[in-house]
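Engineer: The structure that follows is given in the form of structure tokens.
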Amino acid sequence: MFTSGSENTLERRAFFGSMMFKTVELDNGALDVTAGVENPLPLFVLFLVLTAVLTMIQAIYQGLKQRRDQLLKEMPSS
């Protein structure tokens with residue numbers, strides 16, 4: 001991703017075009033690498049999906065924990 005190949009300037013896009021990487025080969029042979037966000041929409045959608053999934057996991061965990069406590073209360077003492 002960060003090699004210049006045969007061209008002096010190389011641009012790559014990642015994650016559905018939301019992130020941009022630009023590599024420029026300088027005269028002394030060094031590489032100038034620039035990275036940035038070009039389209040924040042896919043990043044925002046990913047954030048929303050991850051938030052929803054983690055919220056669901058937390059709700060399921062709390063429900064299972066309450067059910068376990070309920071079953072332990074109903075269990076006869078020896």
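The values are calculated or read from the model by the stated rules, or taken from the named source; none is laboratory data. These figures come from a predicted structure and were not determined experimentally. Virtual Cβ from ideal backbone geometry, glycine too; neighbours counted across all protein chains shown. The accessibility values were calculated without ligands, DNA or RNA, using every heavy atom of the protein model including side chains. Shrake-Rupley method; radii C 1.70, N 1.55, O 1.52, S 1.80 Å.
Engineer: SER78 fails exactly one of the following numbered conditions: (1) under 23 Å from the mean Cα position of the chain (by Cα); (2) of a type in the set (Gly, Ala, Ser); (3) at pLDDT below 95; (4) open to solvent by 60 Å² or more (accessible area, probe 1.4 Å). What is the number of that condition?
Structural biologist: All conditions pass for SER78, except number (1).
Engineer: Among (1) in contact with a Phe, Trp or Tyr (Cβ under 9 Å, 6 or more places away or on another chain); (2) assigned to a loop (DSSP other than H, G, I, E, B), there is one condition ARG13 misses while meeting the rest; what is its number?
Structural biologist: (2)
Engineer: Then there's this: Picking from GLY29, GLY36, which residue would you name as being at pLDDT below 90 and loosely packed, with under 10 Cβ neighbours inside 10 Å?
Structural biologist: Numbers: GLY36 fails: at pLDDT below 90.
Residue meeting the stated conditions: GLY29.
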